[in-house]
Amino acid sequence: MKKLSELLKNTPVGALHGDGSAPVAGLAYNSRAVKPGDCFFAVPGTQSDGHDYIPMAVEKGAAAVVCERMPETAAEGVAYVVVEDSAGAMADMAAAFYGYPSRELKLVGITGTNGKTTTVTLLYDLVRAMGYKAGLISTVVYKIDGREVESTHTTPDPIRLNAMMREMADAGCEFCFMECSSHAIVQERTRGLDFAGGIFSNITHDHLDYHKTFAEYIRAKKLFFDGLPKGAFALTNADDRNGRVMVQNTAAAVSTYSLRAMADFRCKIVEMHLDGMLLRIDGQELWVGLLGRFNAYNLLAVYGAAALLGLDRGEVLRVLSVLHAVSGRFEKVRAANGTTAIVDYAHTPDALENVIQTIEEIRTPEQQLIVVCGCGGDRDRTKRPEMAQIAVKYASTAIFTSDNPRHESPEAILDDMAAGLDPGVRYLRIADRAEAIRTAVMLSRPGDILLVAGKGHETYQIVGDVKHHFDDREEVRRAFETLIK
């Protein structure tokens with residue numbers, strides 16, 4: 001059977017568009033979103049199988065169905081295309097349907113466990129400050145030049161992805177920077193896209209609820225670099241033990257960045273304070289408003305990618321010095337009495353330890369460190385005891401609390417966290433997150449540092465299937481105001 005990608009390779013856009021003579025008006029993989037004349041893709045998923053929804057899609061007016069197996073009853077007047085991989089076919093057809101928009105952009109993807117959102121956002125802010133139009137696809141928000149679009153996934157489905165890139169190209173964007181999650185890579189959401197470059201940040205234990213083993217998680221990340229074309233660049237973190245593994249089979253031109261070893265792009269932290277860092281990159285010193293060794297890596301990756309994209313290095317360094325931290329990433333909230341709360345998205349053991357170690361480098365012996373953290377429900381359970389161990393290792397007081405419990409009992413999640421601790425280790429356990437934050441503030445003394453980790457930019461708490469409004473920053477400010485009164 002000929003692959004759909006081969007059939008579409010030279011297909012003109014008009015042959016797919018609903019322009020009066022074409023059979024397909026639009027694309028959909030959610031049966032509820034199908035409109036008359038659409039092509040519906042029956043994609044098997046982890047929770048449900050799109051093949052079960054073919055009748056509903058046909059009832060709503062689907063003109064064509066792409067599936068891996070024929071339904072028991074074929075409807076009259078509907079074209080059925082049977083393929084080996086409907087997820088891949090959807091990606092191929094979405095790219096063709098929207099006229100291969102990624103070919104009109106300098107598309108850079110980043111994958112890794114931590115640092116993806118900060119790196120792509122800083123790249124977007126950098127090129128915009130240098131006068132270019134750009135698009136952004138991140139965990140926090142999608143942007144088409146200056147217009148914001150609500151983010152639903154770290155990496156959206158191929159249909160939405162290509163639709164947004166078409167808007168970016170039509171708006172005159174020259175660049176697009178996007179996060180490429182391991183889920184998205186395995187599920188072929190990035191298939192059919194033409195990347196100008198890829199960046200690897202780091203890899204630590206995460207998403208084992210989905211990938212099952214760390215080896216499979218690594219393999220998922222590596223697939224992204226295996227698919228980069230010959231004319232692209234692959235920028236990898238030489239300080240991560242899997243940095244070289246990621247690019248060992250790539251056709252792209254490999255470059256490295258490092259804070260510790262010889263590399264194509266190097267950085268040294270000269271000074272670090274609560275308000276920023278003095279860095280030395282390419283022999284030039286610059287003050288940046290971001291803090292922490294992990295942010296030094298992020299900034300160095302941004303600098304390296306910008307250089308590989310052909311941007312002026314001196315101008316890049318100048319603009320980096322005026323960029324701001326990303327929402328919910330080491331975001332500081334200060335009280336009138338000098339207490340500082342740091343709200344951060346850190347939700348993996350490595351990210352939590354990186355943030356705490358950064359605080360350890362700048363806090364004085366007189367300052368307490370109070371850590372509030374939790375673990376999400378319906379997610380990788382193996383990291384729960386590790387998160388607890390890290391919190392009690394460094395904190396003057398560790399408070400374990402809820403973090404998007406979803407369909408799990410908050411108390412059961414806290415049990416999993418506590419199971420990793422030695423007998424007699426002191427900590428507080430408060431399932432209500434707002435109460436946990438209030439308690440941390442009440443326990444603080446003037447000048448102390450509080451770390452509220454796990455949710456960062458998120459403005460919701462997921463309980464069951466329902467999103468309730470909840471913002472760590474709002475809760476911290478409210479608690480600070482009560483404390484001062």
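Work through the residues other than GLU366 whose Cβ is under 10 Å from its Cβ and net out their charges, Lys, Arg +1 and Asp, Glu -1.
+1
Given the rule -39500 (n - 2.57) for each run of at least 4 DSSP H residues, summed and divided by the residues of the chain, what is its mean residue ellipticity at 222 nm, to the nearest 500 deg cm²/dmol?
On the way: 16 runs with 159 residues, N = 485.
That calculation yields -9500 deg cm²/dmol at 222 nm.
Aspartates and glutamates within cross-link reach of LYS60: Cα-Cα under 15 Å, excluding same-chain residues under 8 positions apart?
Reachable aspartates and glutamates: ASP38, ASP52, GLU76.
What's the FRET efficiency of ASN30 with ASP432 using the Cβ-Cβ distance as r and R₀ = 25 Å, to the nearest 0.05?
On the way: r = 35 Å, r/R0 = 1.39.
With a Förster radius of 25 Å, E is 0.10.
Among GLU179, GLU216, what's the order by accessible area (1.4 angstrom probe), most exposed first? Spell out each step's value before the answer.
On the way: GLU179 0, GLU216 75 Å².
Sorted by accessible area, descending: GLU216, GLU179.
Got a number for the accessible area of HIS324? Probe 1.4 Å, square angstrom, nearest 10.
Here the accessible area works out near 140 Å².
Using only the heavy atoms of the protein chains and a 1.4 Å probe, how would VAL81, VAL322, VAL34 rank by accessible area, largest first? Spell out each step's value before the answer.
Working: VAL81 60, VAL322 90, VAL34 5 Å².
Listed by decreasing accessible area, they come as VAL322, VAL81, VAL34.
Starting from region 245-347, pick out the trypsin sites (Lys or Arg not before Pro) whose DSSP state is loop and whose Cβ has at most 14 other Cβ atoms within 10 Å. List each step's numbers first, then the result.
Values: sites: ARG260, ARG266, LYS268, ARG280, ARG293, ARG313, ARG318, ARG329, LYS332, ARG334; in loops: ARG260, ARG329.
Qualifying residues, ordered by number: ARG260.
On a straight-distance basis, which aspartates and glutamates could pair with LYS268 in a cross-link, Cα separation under 17 angstrom, same-chain partners fewer than 8 positions away excluded?
Partners found: ASP239, ASP240, ASP282, GLU285, GLU361.
Out of region 136-236, which trypsin sites (Lys or Arg not before Pro) are coil in DSSP terms and have no more than 14 other C-beta atoms within 10 Å? Please list the in-between numbers first.
Numbers: sites: LYS143, ARG147, ARG160, ARG166, ARG189, ARG191, LYS212, ARG219, LYS221, LYS222, LYS230; in loops: ARG189, ARG191, LYS212, LYS230.
Sparse-neighbourhood loop trypsin sites (Lys or Arg not before Pro): LYS212, LYS230.
Which value, in Å² and to the nearest 10, is the accessible area of ASP312 when all protein chains are kept and the probe is 1.4 Å?
The value for ASP312 is about 100 Å².
How far apart, in nanometres, would the label points at MET70 and GLU285 be if each is projected 7 angstrom from Cα along the Cα-to-Cβ direction?
For MET70 paired with GLU285, the spin-label model returns 7.5 nm.
Just checking my list [x] 23.8, 77; [y] 22.9, 66; [z] 22.4, 72 against Rg and Dmax of the Cα atoms in Å computed from this structure; which label fits?
[x]
Give LYS383/LYS455; LYS133/LYS222; LYS116/LYS221 a once-over and call out the pairs whose C-alpha atoms are over 18 Å from each other.
Numbers: LYS383/LYS455 16 Å; LYS133/LYS222 30 Å; LYS116/LYS221 12 Å.
From the list (LYS383/LYS455; LYS133/LYS222; LYS116/LYS221), the Cα-Cα distance tops 18 Å for LYS133/LYS222.
Suppose we take every Cα in region 307-441 and form the convex hull; what volume per residue is that in Å³? Intermediate results must be reported in sequence, preceding the final value.
On the way: hull volume 21.0 nm³, N = 135.
Measuring per residue, one finds 155 Å³ for the Cα hull of region 307-441.
Can you give me the solvent accessible area of THR213 with a 1.4 Å probe, rounded to the nearest 10 Å²?
The value for THR213 is about 70 Å².
Any idea what diffusion coefficient region 70-126 gets from Stokes-Einstein, in µm²/s, Kirkwood Rh on alpha carbon pairs, 20 °C, 1.002 mPa s? Walk me through the numbers on the way to the answer.
On the way: Rh = 15.2 Å.
D, rounded to a whole number, is 141 µm²/s.
SER396 to VAL425: extension gain in nm, 0.36 nm per residue of separation minus the Cα-Cα distance? Kindly include the intermediate steps, with their values, before the conclusion.
Numbers: separation 29, 0.36 × 29 = 10.44 nm, distance 1.18 nm.
Gain in length upon complete extension: 9.3 nm.
The values are calculated or read from the model by the stated rules, or taken from the named source; none is laboratory data. Given the structure is predicted, the values throughout are model-derived calculations rather than measurements. FYI the Cβ positions are ideal-geometry reconstructions off the backbone, even for glycines, and counts take in every protein chain you see. Side chains included, ligands, DNA and RNA excluded: accessible areas come from the protein's heavy atoms. Shrake-Rupley method; radii C 1.70, N 1.55, O 1.52, S 1.80 Å.
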